[in-house]
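Report on the following structure.
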2 protein chains.
Amino acid sequence: MTATVRRLRDLMASLPAQELPPLPEELVCSLEVSIAPDARLSIAEVAELTGVSAHALRYYERIGLVEVGRDSAGHRQYDRDALARVVFVTRLRLSDMPIQAITRYVELVRQGPATEPERLALLRSHRAAVLRRLQDLRTALAVIDYKIATYGGACAP
Amino acid sequence: MTATVRRLRDLMASLPAQELPPLPEELVCSLEVSIAPDARLSIAEVAELTGVSAHALRYYERIGLVEVGRDSAGHRQYDRDALARVVFVTRLRLSDMPIQAITRYVELVRQGPATEPERLALLRSHRAAVLRRLQDLRTALAVIDYKIATYGGACAP
DNA sequence: GGTTGCGTTTGAGCGCGCTCAAAGTCCTAC
DNA sequence: GTAGGACTTTGAGCGCGCTCAAACGCAACC
């Protein structure tokens, strides 16, 4: 494991530890900042760093989610931008945003600043979906808690 | 639409409107209570009532999630227990509990009260999974909110 | 007595998001 | 120079949770 990977992985590990109330604010960007602009990572390093399998990383590239350069041997070289993209994608995936929507978003980004309104709309609509999901989960949690609390009670199944 | 279906659907509709803090407590059981013990519903009625497609209802029966009787014509007749089971299953599904785990749970229920500890363990472990999912979603929401708030900022992609 | 409509069964198919297998390339170490 | 290992590509396969198609049954209505 390279020093870069070690450093970044520690950083990654610290990120999800966020407690609910505070917005991560600067931390959202911190990963991209912390890697040198000219650093190049192999697919294995990115996999280890992000927790995304090499298979999945190749898949992401295939479907156009991220563009990755090659070295002289034809091996993938993830630069800072590519890594940031992967991290961003995994974060959206974490919230169950469909790959298709992420692809659309990324496509809009490539088309330049003119598409910002549509990107914003996409994010907002996804945000609403996340809120619905949160609500569903909270309701389900209540049902489960009820079930646990009243175990052996009259309530079916 | 029968009167029973109308009444039950109104009841269903009122259930998910729960705000987060209060536990649904009695409401969890209310659906089962409100249908007459001798009522029998067709698959179409149950589908309309629960929002689960007839296709999915047949699938649930096939994989052993619910047992449903037949009338003289061989058509499914959902009784109170079967309906309660369907509702319970949809609630667990809503929290992304894998069908396999639900099947296991239902199997344990069929085996009698001796399996209550294992059932409880299953629920508790699923509860933990739901909590993790909630945390993930909240983190993702923060990222999305950040992205929306700082749109056009320096943060990639 | 034919048509309409809701139901039945079995088994295949699908969309998603990967995951893996096969066959090959390139670099390094012995 | 050859073995190993990490990588490459292409295309197929998989697990999940349904979803649908085909062929049929029954019952009611015109």
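Filter region A:28-43 down to the residues that are over 13 Å from A:Val87 (Cα atoms) and assigned to a loop (DSSP other than H, G, I, E, B), then identify the one that is modelled with the highest pLDDT.
My answer is A:Ser42.
What is the number of the single condition among (1) touching a helix residue (DSSP H, G or I) at 6+ places or on another chain (Cβ under 9 Å); (2) among the polar types (S, T, N, Q); (3) away from DNA strand C (no atom under 12 Å from the Cβ) that A:Thr90 does not meet?
(3)
Out of (1) under 21 Å from A:Tyr146 (Cβ atoms); (2) at pLDDT 90 or above; (3) touching a strand residue (DSSP E or B) at 6+ places or on another chain (Cβ under 9 Å), the odd one out for B:Val68 is which?
Against the list (1) under 21 Å from A:Tyr146 (Cβ atoms); (2) at pLDDT 90 or above; (3) touching a strand residue (DSSP E or B) at 6+ places or on another chain (Cβ under 9 Å), B:Val68 comes up short only on (1).
Which of the residues belonging to region B:59-92 are farther than 28 Å from A:Ala142 by Cα and either of a type in the set (S, T, N, Q) or within 14 Å of DNA strand D (Cβ to nearest atom) (or both)? First the steps, then the outcome.
At the first step, the residues of region B:59-92 found to be farther than 28 Å from A:Ala142 by Cα are B:62, B:69-77.
Of everything in region B:59-92, those that are farther than 28 Å from A:Ala142 by Cα and either of a type in the set (S, T, N, Q) or within 14 Å of DNA strand D (Cβ to nearest atom) (or both) turn out to be B:Arg62, B:Arg70, B:Asp71, B:Ser72, B:Ala73, B:Gly74, B:His75, B:Arg76, B:Gln77.
Among the residues of region B:83-97, which ones are touching a residue at least 24 places away in the same chain (Cβ under 8 Å) and in a helix (DSSP H, G or I)? Can you show your working first?
So the first thing to find is which residues in region B:83-97 are touching a residue at least 24 places away in the same chain (Cβ under 8 Å), and the list is B:83-84, B:86-87, B:89-90, B:92, B:95-97.
Selection gives B:Leu83, B:Ala84, B:Val86, B:Val87, B:Val89, B:Thr90, B:Leu92.
Exactly one of these conditions fails for A:Val46: (1) part of a helix (DSSP H, G or I); (2) modelled with pLDDT of 85 or more; (3) away from DNA strand D (no atom under 11 Å from the Cβ). Give me its number.
Going through the list (1) part of a helix (DSSP H, G or I); (2) modelled with pLDDT of 85 or more; (3) away from DNA strand D (no atom under 11 Å from the Cβ), A:Val46 breaks only (3).
Counting only residues that are at pLDDT 95 or above and touching a helix residue (DSSP H, G or I) at 6+ places or on another chain (Cβ under 9 Å), which one in region B:126-136 is surrounded by the fewest Cβ atoms within 10 Å (Cβ to Cβ)?
B:Leu131
Could you list all residues from region B:101-139 that are under 14 Å from A:Asp145 (Cβ atoms) and facing chain A (nearest Cβ under 7 Å)?
Matches in region B:101-139: B:Leu120, B:Leu123, B:Arg124, B:His126, B:Arg127, B:Val130, B:Leu134.
Against the definition (within 8 Å of DNA strand C (Cβ to nearest atom), touching a residue at least 24 places away in the same chain (Cβ under 8 Å) and among the aliphatic types (A, V, I, L, M)), how does B:Ile43 come out, yes or no?
Details: within 8 Å of DNA strand C (Cβ to nearest atom): yes; touching a residue at least 24 places away in the same chain (Cβ under 8 Å): yes; among the aliphatic types (A, V, I, L, M): yes.
So B:Ile43 fits the description; yes.
Residue by residue, here is whether (1) buried (at least 20 other Cβ atoms within 10 Å of the Cβ); (2) more than 20 Å from the chain's Cα centre (by Cα); (3) among the basic types (Lys, Arg) holds:
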site: A:His75; (1), (2), (3): no, yes, no
site: A:Asp79; (1), (2), (3): no, no, no
site: A:Leu92; (1), (2), (3): yes, no, no
site: A:Pro98; (1), (2), (3): no, no, no
site: A:Tyr105; (1), (2), (3): yes, no, no
site: A:Arg138; (1), (2), (3): no, yes, yes
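Within region A:98-157, track down each residue that is more than 30 Å from B:Ala82 (Cα to Cα) and not in a helix (DSSP H, G or I).
Start the filter on region A:98-157 by keeping residues that are more than 30 Å from B:Ala82 (Cα to Cα), which leaves A:98-131.
Passing the criteria: A:Pro98, A:Gln111, A:Gly112.
When you go through A:Arg119, A:Arg62 one by one, which is the residue that is farther than 30 Å from B:Ser125 by Cβ, surrounded by 14 or more Cβ atoms within 10 Å (Cβ to Cβ) and more than 14 Å from the chain's Cα centre (by Cα)?
Numbers: A:Arg62 fails: surrounded by 14 or more Cβ atoms within 10 Å (Cβ to Cβ).
Checking each option against the conditions leaves just A:Arg119.
The values are calculated or read from the model by the stated rules, or taken from the named source; none is laboratory data. Worth saying up front: this structure is predicted, and the values here are computed from it rather than measured. Neighbour counts are summed over all protein chains in view; Cβ atoms, including those assigned to glycine, are modelled from backbone coordinates with ideal geometry.
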